[in-house]
Amino acid sequence: MATEFHNLQELRHSASLANKVFIQRDYSEGTTCRFQTKFPSELESRIERTLFEDTVKTLNNYYAEAEKIGGQSYLEGCLACATAYLIFLCMETRYEKVLKKIAKYIQEQNEKIYAPRGLLVTDPIDRGMRVIEISIYEDRGSSGSSSGSSSVSGSTAR
């Protein structure tokens with residue numbers, strides 16, 4: 001099994017980046033923000049498939065909630081037009097609130113699930129909503145097993 005880390009700070013300071021895996025957007029259902037739930041082979045020895053799939057499915061559900069159009073979205077649009085968009089200086093949109101929930105969820109998942117396994121999930125908003133980036137860290141003491149090259153399979157390449 002992979003080297004265990006206990007928190008995000010320990011992971012960042014005592015480990016070196018070995019590889020990155022990219023989970024691509026899923027456009028099979030249109031242009032809504034969804035990510036593929038296909039389990040990358042690079043993570044097989046690091047995390048259980050169900051934990052990974054639960055994380056991606058939860059993120060997909062959050063993004064579906066953010067993009068859902070309802071009465072609140074309609075009201076925000078009307079207020080924006082009526083105030084020449086100055087209203088957004090005073091209030092957060094529903095979309096921004098959901099993005100904050102997503103950032104909090106990713107932070108919690110990193111602390112509880114991913115960091116102890118030497119992994120770090122990057123918020124998709126930091127990557128232009130194109131990919132979910134998962135960084136794989138190795139303990140600096142065991143860097144002999146790492147080749148130092150970042151081999152990324154076709155399904156995980158940018």
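The values are calculated or read from the model by the stated rules, or taken from the named source; none is laboratory data. What you see is a predicted model; the values in this text were computed from it and never measured. Here the Cβ is made from the backbone with ideal geometry for all residues, glycine too, and neighbour counts use every protein chain on show. We work out accessible area using only protein heavy atoms, side chains counted, and drop any ligands, DNA or RNA first. Shrake-Rupley method; radii C 1.70, N 1.55, O 1.52, S 1.80 Å.
So here's what we get for this one:
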read-out	value
Residue list for region 34-85, filter: of a type in the set (Phe, Trp, Tyr) and open to solvent by 70 Å² or more (accessible area, probe 1.4 Å)	TYR74, TYR85
All positions within region 19-73 that are within 22 Å of LYS101 (Cα to Cα) and among the basic types (Lys, Arg)	ARG25, ARG34, LYS57, LYS68
Identity of the residue in region 99-125, of a type outside the set (A, V, I, L, M, F, W, C) and within 18 Å of LEU17 (Cα to Cα), that ends up most open to solvent (accessible area, probe 1.4 Å)	GLU111
Neighbours by Cβ (under 6 Å, 6+ apart or cross-chain): first from region 95-109, closer than 18 Å to SER135 by Cα and hydrophobic (A, V, I, L, M, F, W, C); second surrounded by fewer than 18 Cβ atoms within 10 Å (Cβ to Cβ) and at pLDDT below 95	none
Residue tally, condition open to solvent by less than 60 Å² (accessible area, probe 1.4 Å) and at pLDDT 50 or above, over region 126-158	12
